[in-house]
Amino acid sequence: MQRILIVEDEEAIANLIKMNLTAEGYHCICAYDGKMGADYIEKESFDLILLDIMLPEINGYELLEYVKPMGTPVIFLTAKDGVNERIKGLKLGADDYIAKPFQVGELSARVEALLRRYGKINKILSFADVEVDTASRTVNKAGRQIDLTVKEFDLLVELVQNKNVALYRERLYEKIWGEEFMGDTRTLDSHIQRLRKKLNWENEIKTVFRVGYRLEDKR
């Protein structure tokens, strides 16, 4: 599980980011000022840091200079959307820059893209006797390759990455199909049924009443 440090002095924003990224399968820690962020960075290792600029104690620019020799990717989160601030942040070594207010879905996509660029996304996922290779997009069950469609594969990855978590139909549909959920569940439900059949996971993929689906790990 990838570890993300969120350094943001507005606690409501930090906690909202943490809640959404945790739902995506990341382990998140919040720091509410620059000094607290520096303390976490000194004591622990992270796969990615989300960093506000206007922070108490130590500002984001100073903290970035401390972080960059470690090679940890950084995304700036800030209300400063002027060109000069954006240029300064990128010149100092930030990998990406998102101005507030932002869509949580966009932030999640940028986090995933940056982790993939740094090779920090797990390429092999496993659950029970099923192994999923996200690089080659192949699936093996007990040593036998299982043929899945593009959407079935993406759906399987989402379920495995969030095992034991109830995933809302709306979130699943919008994440896999990349379009707004309009209330028709037939497409998603039919893909779930085919996935259950192909993997013999009738008991593993649970239907959660009025919510969606959960991949259940009974171990």
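The values are calculated or read from the model by the stated rules, or taken from the named source; none is laboratory data. The structure presented is a predicted model; accordingly, all values stated were derived computationally and were not measured. Methodologically, a virtual Cβ is constructed for each residue, glycine included, from the backbone with ideal geometry; neighbour enumeration extends over all protein chains shown.
Table for the structure above
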quantity: Any chance A128 is more than 30 Å from T72 (Cα to Cα), surrounded by 13 or more Cβ atoms within 10 Å (Cβ to Cβ) and small (G, A, S); calculated: yes
quantity: Residue that is surrounded by the most Cβ atoms within 10 Å (Cβ to Cβ) [pool: residues in the range 56-86 that are under 18 Å from N15 (Cα atoms) and of a type outside the set (A, V, I, L, M)]; calculated: F76
quantity: Those residues of the range 20-41 which are out of contact with any Lys or Arg (no Cβ under 7 Å at 6 or more places or on another chain), at pLDDT 90 or above, under 24 Å from I121 (Cα atoms) and not small (G, A, S), in sequence order; calculated: I29, Y40, I41
quantity: Of residues in the range 158-202 being out of contact with any Gly (no Cβ under 7 Å at 6 or more places or on another chain) and of a type in the set (G, A, S), the one farthest from R137 (Cα to Cα); calculated: G183
quantity: Selected residue (only one of I13, I53 is touching a residue at least 60 places away in the same chain (Cβ under 8 Å) and surrounded by 17 or more Cβ atoms within 10 Å (Cβ to Cβ)); calculated: I13
quantity: Members of the range 34-53 that are touching an Asp or Glu at 6+ places or on another chain (Cβ under 9 Å) and over 10 Å from I6 (Cα atoms); calculated: G34, K35, M36, A38, I53
quantity: Out of K18, K35, K100, sole residue that is among the charged types (D, E, K, R), without any contact (Cβ under 8 Å) to a residue 40 or more places away in the chain and surrounded by fewer than 19 Cβ atoms within 10 Å (Cβ to Cβ); calculated: K35
quantity: Answer residue from the range 171-190, given it is surrounded by fewer than 18 Cβ atoms within 10 Å (Cβ to Cβ) and among the hydroxyl-bearing types (S, T, Y) and is modelled with the lowest pLDDT among those; calculated: T185
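Matching residues to (1) surrounded by 15 or more Cβ atoms within 10 Å (Cβ to Cβ); (2) touching a residue at least 60 places away in the same chain (Cβ under 8 Å); (3) in contact with a strand residue (DSSP E or B) (Cβ under 8 Å, 6 or more places away or on another chain):
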residue	(1), (2), (3)
K123	no, no, yes
T138	no, no, yes
R144	no, no, no
V150	no, no, no
I192	yes, no, yes
L195	yes, no, yes
D217	no, yes, yes
